[in-house]
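Note sheet for the following structure.
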Amino acid sequence: MARKILRINMTDLTATYEDIPEKWAKWAGRGLTSAIVFDEVDPTCHPLGPNNKLVIAPGWVSGTPAAPSSGRTSFGGKSPLTGTIKESNSGGLSSQKIAKLGIAAIILEGQPKDGKWYYLFINKDGVKFEDATDLLGKGMEEVDRIMWERYEHKPAVIGIGPVGERLAANAGISVNDPENNPGRYAGRGGLGAVMGARHVKAIVVDDKGGPGVEIKNMDLFKKGRKKLTNAIMTHDLTKKGGGLNAYGTDVLMNIINEAGGLPTRNFSSGQFEGAAKISGEMIAEMVEKRKAGMTGHACHPGCIIQCSNIYPGPDGRIIASPIEYETAFALGANCGIDDLDFVAKMTKACNDLGLDTIEMGNTIAVAMEGGLLEFGDKEGALALFDEIAKGTPLGRVLSNGVEATAKVFGVHRTPTVKGQSMPAYEPRAIKGIGFTYATSTMGADHTSGYTIAPEIAGVGGKVDPLTYEGKAELSLAFQATTAFIDSTGYCLFIAFPILDIQEGFEGMVESVAGVMGWDISANDVVEIGKEILKMERLFNERAGFTNLDDRLPEFMRYEPLPPHNVVWDVPDEELDKVYAWVHES
Amino acid sequence: MQVEVRVFATLRRYLPELGIGEAKKVEVPAGTTFAELRDLLGLPADEVKIIMRNGLQVEPEDVVQDGDRIAYIPATGGG
């Protein structure tokens with residue numbers, strides 16, 4: 001059965017299943033969300049107004065049998081945080097279930113005339129619009145629990161917390177994991193507020209009895225799947241007991257700290273004396289010592305990397321899942337906090353209230369610099385989540401992210417690009433990631449062009465992090481390849497093994513070609529990725545963005561970063577090389 | 001001369017006496033390479049992906065200097 005577009009109009013409360021038009025037929029995941037936003041959303045619209053849309057799409061291989069680690073769902077729209085196009089993707093249960101219902105994308109548009117709030121239940125029989133009045137103000141932990149009580153078959157629950165209901169610019173979209181915890185997030189860029197502006201509190205997806213995913217060339221798909229699976233299971237980073245499986249993404253904490261690239265105390269240092277205490281090794285030690293929680297947790301069914309974790313408190317009760325490197329950096333090192341239990345408590349609050357942990361931690365750090373509290377004040381930091389939960393004026397400021405908070409507190413050291421704050425790699429000490437932060441169509445985003453792999457980890461080659469020569473080309477290659485992978489439904493972490501093991505890369509492409517019935521090879525990946533980047537870049541241009549927005553914040557040019565005492569010394573012309581091709585030929 | 005060595009993640013099993021992020025002080029003769037020091041510590045060559053000296057990457061054949069802060073790092077990544 002051919003894939004369908006499910007268009008849900010909240011103005012007249014209708015749901016229609018449309019044939020996928022030719023212009024979108026080849027796309028899935030990020031490629032599809034960006035194509036739909038490019039075609040249907042006015043780039044000059046207000047992100048919270050009636051003309052923005054939320055687009056949700058599983059990837060090419062999502063929902064196919066045993067494609068390894070293929071549970072990513074892409075969420076797209078115009079971002080309230082950045083004003084750019086946005087694609088933010090998440091693990092959890094949603095991707096495979098949407099795909100198995102034969103749905104290529106859900107387009108959520110319009111706003112209820114009566115101002116009421118709804119939740120949506122989607123299964124093989126269609127869409128139900130349900131009254132969400134009783135869910136308003138509830139955190140995602142409770143919403144997930146209620147939905148599994150109301151519906152059988154353990155459905156996917158996509159939802160927003162109170163912060164999304166208040167249309168805050170740092171509202172993320174939660175997806176439940178296999179244990180029905182709300183820790184998987186399309187966190188970045190405030191898409192939770194775009195969902196909130198449609199007055200949709202949650203979308204529940206049950207795939208029972210759905211038609212499943214059509215695979216055009218099963219032999220090719222199986223061949224590719226096998227090669228990719230082998231690569232993942234043999235690479236030292238992604239195999240069983242390897243770095244990611246044993247310690248999670250927070251395996252990076254000590255290493256980025258050692259490299260002098262760990263943003264600390266609002267991006268004023270590249271090393272944190274408390275890094276070891278909030279590292280992945282410490283998470284594993286706590287799990288072992290407290291005899292509760294786990295490492296090696298799968299965020300979606302069929303993941304063979306299993307880099308997630310469930311973090312226990314001193315009494316053995318679960319505090320939060322997961323503690324990621326980004327979470328531990330933002331709520332830990334960048335706030336001068338070296339207590340993993342507090343990082344976990346703040347993570348739990350973010351996941352329940354509906355906040356992106358990166359932007360939230362960076363926001364607290366800016367508020368600390370602005371004098372609201374001292375760096376390292378963990379009790380004070382945790383108490384701020386009460387303000388957010390209650391929706392006090394201070395809480396509402398903080399839930400709008402770094403730039404809003406920096407203005408309110410008179411802070412000039414704002415580590416943002418296009419309104420989105422930087423993740424856990426200091427661009428002064430790791431120049432290639434600075435190219436990605438500066439030029440990404442998403443604002444400062446590490447996942448959109450993860451040059452850390454060759455700059456620090458020695459994956460996919462080895463380059464000097466402190467120099468900028470050749471980094472424009474490197475960043476573009478990573479951004480284009482990532483745009484492709486973000487369209488597959490595969491987790492981006494498959495990139496580590498397949499950058500080192502060519503057969504794995506071929507397998508990834510063959511599995512996609514098998515599903516779609518294409519004749520493509522590994523050589524086509526960058527060009528297909530660039531088609532996606534071009535749509536995103538043109539959307540941003542039409543929204544008013546120029547090369548001058550592709551710059552890092554000024555303070556990084558004149559404040560040397562310890563321990564290497566380096567500034568951002570990359571000439572603007574180098575940055576402008578990354579997207580120069582968009583208007584050529 | 002003396003250097004300090006740290007190991008992370010999956011390499012910690014070879015120096016189990018060290019706490020997380022804790023450094024081991026090692027006396028080495030002048031002219032010792034990073035590969036020789038790695039072998040001296042019992043770290044398998046095929047598990048060491050990156051070597052850092054004072055936060056900067058070095059090659060196994062480079063020579064250790066007095067007072068170096070050295071880290072042996074396995075395959076890592078994440079995000």
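The values are calculated or read from the model by the stated rules, or taken from the named source; none is laboratory data. Being a predicted model, the structure only gives us computed values, none of them experimental. Please note: Cβ atoms are built from the backbone with ideal geometry, for glycine as well, and neighbour counts cover all protein chains shown. For accessibility, only protein heavy atoms count, side chains too; no ligands or nucleic acids. Shrake-Rupley method; radii C 1.70, N 1.55, O 1.52, S 1.80 Å.
Within the range A:497-516, residues that are more than 7 Å from A:Gly224 (Cβ to Cβ) and open to solvent by 10 Å² or more (accessible area, probe 1.4 Å) reach partners that are assigned to a helix (DSSP H, G or I) and of a type in the set (D, E, K, R) with beta carbons closer than 7 Å, at six or more positions or on different chains, in the pairs A:Glu503/A:Lys227; A:Glu506/A:Lys227. Consider the range A:420-465 and keep the residues that are open to solvent by 10 Å² or more (accessible area, probe 1.4 Å) and farther than 16 Å from A:Tyr325 by Cβ. The one that is nearest to the other protein chains (Cβ to nearest Cβ) is A:Gly458.
Just one residue in the set A:Val567, A:Val578 is in contact (Cβ under 8 Å) with a residue 24 or more places away in the chain and loosely packed, with under 15 Cβ neighbours inside 10 Å; that residue is A:Val567. Among the residues making up the range A:341-375, those that are open to solvent by less than 10 Å² (accessible area, probe 1.4 Å), over 17 Å from the mean Cα position of the chain (by Cα) and within 21 Å of A:Met282 (Cα to Cα) are A:Val343, A:Ala344, A:Met346.
Is it the case, given these coordinates, that A:Glu288 is out of contact with any Lys or Arg (no Cβ under 6 Å at 6 or more places or on another chain) and without any contact (Cβ under 8 Å) to a residue 12 or more places away in the chain? Taking the combined requirement at face value, the residue satisfies it.
Here the strands (runs of 3 or more DSSP E) wholly within the range A:70-155 that include at least 3 residues being closer than 29 Å to A:Val417 by Cβ and open to solvent by less than 30 Å² (accessible area, probe 1.4 Å) are A:73-78, A:85-90, A:103-109. A single entry from A:Phe478, A:Phe493, A:Phe484 fulfils the requirement of being within 21 Å of A:Trp60 (Cβ to Cβ), open to solvent by 10 Å² or more (accessible area, probe 1.4 Å) and away from every other protein chain (no Cβ under 11 Å): A:Phe478. Name every residue in the range B:1-55 that is in contact (Cβ under 8 Å) with a residue 40 or more places away in the chain, within 11 Å of chain A (Cβ to nearest Cβ) and among the polar types (S, T, N, Q), in order of residue number. B:Thr10, the sole residue that qualifies.
Mind checking which pairs have a first residue in the range A:14-29 that is part of a loop (DSSP other than H, G, I, E, B) and a second that is open to solvent by 40 Å² or more (accessible area, probe 1.4 Å) and small (Gly, Ala, Ser), Cβ under 8 Å, 6 or more apart or different chains? Matching pairs, first to second residue: A:Ile20/A:Ala2.
For the range A:227-234, does any single residue satisfy the condition of being hydroxyl-bearing (Ser, Thr, Tyr), closer than 30 Å to A:Gly274 by Cα and touching a Gly at 6+ places or on another chain (Cβ under 9 Å)? No, there is no match, as no residue in the range A:227-234 is hydroxyl-bearing (Ser, Thr, Tyr), closer than 30 Å to A:Gly274 by Cα and touching a Gly at 6+ places or on another chain (Cβ under 9 Å). Hey, among A:Lys378, A:Lys471, A:Lys390, which residue is away from chain B (no Cβ under 14 Å), at pLDDT 95 or above and buried (at least 21 other Cβ atoms within 10 Å of the Cβ)? Unique residue meeting the criteria: A:Lys471.
Of the residues examined, A:Ile319 is one that is over 23 Å from A:Gly401 (Cα atoms) and open to solvent by 20 Å² or more (accessible area, probe 1.4 Å).
For the range A:287-332, residues that are more than 19 Å from the chain's Cα centre (by Cα), assigned to a strand (DSSP E or B) and within 14 Å of chain B (Cβ to nearest Cβ) total 2. Going through the range A:517-534 one residue at a time, which ones are open to solvent by less than 30 Å² (accessible area, probe 1.4 Å) and closer than 18 Å to A:Thr436 by Cβ? Listed by number, the residues that qualify are A:Val525, A:Gly529, A:Ile532, A:Leu533.
Just so you know, in the range A:223-275 the residues that are acidic (Asp, Glu) and either modelled with pLDDT under 95 or open to solvent by 10 Å² or more (accessible area, probe 1.4 Å) (or both) include one that is farthest from the chain's Cα centre (by Cα), and it is A:Glu273. Taken together, the residues in the range B:56-74 that are open to solvent by 10 Å² or more (accessible area, probe 1.4 Å) and at the interface with another protein chain (Cβ under 10 Å from one of its Cβ atoms) amount to 4.
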